[in-house]
Amino acid sequence: MAKPFAVNDAEFNEKVVEAELPVLVDFWAEWCVPCKMISPIVDELAEEMDGVMDFAKVDVDSSPITAVTYGIRSIPALLIFKGGKPVEQIVGAVPKGQLRKKIEAALAG
């Protein structure tokens, strides 16, 4: 059973940029209500896509350097990394079906 893993500024390159599998990174904060709405969807997709894609969570309050580096201005923001580079960005709490379509398009592209 795959779960999203927490990643911070110090380990972001190792765990996301240098990852073998594509990685969806959920930029969130404890005080963000829409972040809490999308979190169970990200958890479900992490289980469903185990072995195809990894899922990570970055708390923007405790890891501000990573958020600034990737231009995160609004949360929740989901970035899909493939080959070490962000290839898709989804901002806001979106429905599971819409998120899955974006993921599948990014993986195919």
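At-a-glance table
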| read-out | value |
| --- | --- |
| Among (1) among the hydrophobic types (A, V, I, L, M, F, W, C); (2) out of contact with any Asp or Glu (no Cβ under 9 Å at 6 or more places or on another chain); (3) surrounded by fewer than 17 Cβ atoms within 10 Å (Cβ to Cβ), the one test that Ala105 misses | (2) |
| Enumeration of residues in the range 64-109 that are free of Cβ contacts under 8 Å to residues at least 12 places away in the same chain and of a type in the set (A, V, I, L, M, F, W, C) | Val68, Ala108 |
| Yes/no for Val60 being loosely packed, with under 13 Cβ neighbours inside 10 Å and either over 20 Å from Ala105 (Cβ atoms) or free of Cβ contacts under 8 Å to residues at least 60 places away in the same chain (or both) | no |
| All positions within the range 63-98 that are exposed (fewer than 12 other Cβ atoms within 10 Å of the Cβ) and touching a strand residue (DSSP E or B) at 6+ places or on another chain (Cβ under 9 Å) | Gly71, Arg73, Ser74, Gln98 |
| Filter pass, Asp26 being touching a Ser or Thr at 6+ places or on another chain (Cβ under 9 Å), crowded, with 20+ Cβ neighbours inside 10 Å and of a type in the set (D, E, K, R) | yes |
| The one condition in (1) modelled with pLDDT of 95 or more; (2) over 14 Å from the mean Cα position of the chain (by Cα) that Ala108 fails to fulfil | (1) |
| Hey, Glu44 touching a helix residue (DSSP H, G or I) at 6+ places or on another chain (Cβ under 8 Å) and at negative phi or not | yes |
| Residue check, Asp26 in contact with a Lys or Arg (Cβ under 8 Å, 6 or more places away or on another chain) and within 20 Å of Asp9 (Cα to Cα) | yes |
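The values are calculated or read from the model by the stated rules, or taken from the named source; none is laboratory data. Everything quoted here is computed from the prediction, not taken from an experiment. Cβ: placed from backbone, ideal geometry, glycine included. Neighbour counts: every protein chain shown.
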